[in-house]
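The values are calculated or read from the model by the stated rules, or taken from the named source; none is laboratory data. Being a predicted model, the structure only gives us computed values, none of them experimental. Every residue, glycine as well, gets a Cβ built from its backbone with ideal geometry; the counts of neighbours run over all protein chains shown.
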Amino acid sequence: MTERAEEKICPRCRQPYSYIERRSVGDRVYLYAVHYHWVAGKRRVRKCYLGPEDHYVYVTHTHAREGLVLRGLVDAERALGYLDALIAYFAENPLDAKTAEKLIPRLKKLLRLLETTIGERGQARRGEKAAPRDPQRAQRSGQAR
Ligand SMILES: [Zn+2]
């Protein structure tokens with residue numbers, strides 16, 4: 001199987017696209033993958049909506065090996081898909097020790113963030129006030145009042 005490294009694959013329909021169109025609406029920019037195809041000697045255009053530019057990373061083809069399809073980050077459920085893809089990739093392609101050492105602190109940081117999120121939400125559900133841990137954060141929320 002040969003695949004050109006520069007081939008651009010649309011994350012929406014998995015077909016090669018010609019270019020990314022940026023369309024401004026108000027103060028936002030939305031991205032479309034533009035597909036050209038030929039029907040009876042006439043050029044047809046098809047566009048796939050990819051999402052707002054500031055929420056989108058159109059580098060999917062560079063992550064194809066890892067099985068990652070990066071989409072708009074609007075849907076938090078997609079983060080689970082990315083993690084599952086990474087786990088599946090590492091199961092098939094064990095990391096070298098050096099990379100594993102770099103990954104462990106990142107995963108621990110992610111775990112701490114998730115535990116903090118669960119902790120704060122749990123307290124909110126029970127009607128408790130979350131005690132700010134770092135002084136800067138306490139100061140910021142104090143100024144907001
Ligand atoms: Zn497409």
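Side notes on the structure shown:
Listed here are the residues, each with its yes/no results for (1) modelled with pLDDT under 60; (2) assigned to a helix (DSSP H, G or I); (3) on the phi < 0 side of the Ramachandran plot.
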site	(1), (2), (3)
V45	no, no, yes
V57	yes, no, yes
D75	yes, no, yes
A79	no, yes, yes
P105	no, yes, yes
L110	no, yes, yes
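- Selection status of V69, at pLDDT below 55 and either in contact with a helix residue (DSSP H, G or I) (Cβ under 8 Å, 6 or more places away or on another chain) or among the aromatic types (F, W, Y) (or both): no
- Of everything in the range 1-24 that is modelled with pLDDT of 85 or more and surrounded by fewer than 12 Cβ atoms within 10 Å (Cβ to Cβ), the residue that is farthest from the ligand (Cβ to nearest atom) is S24.
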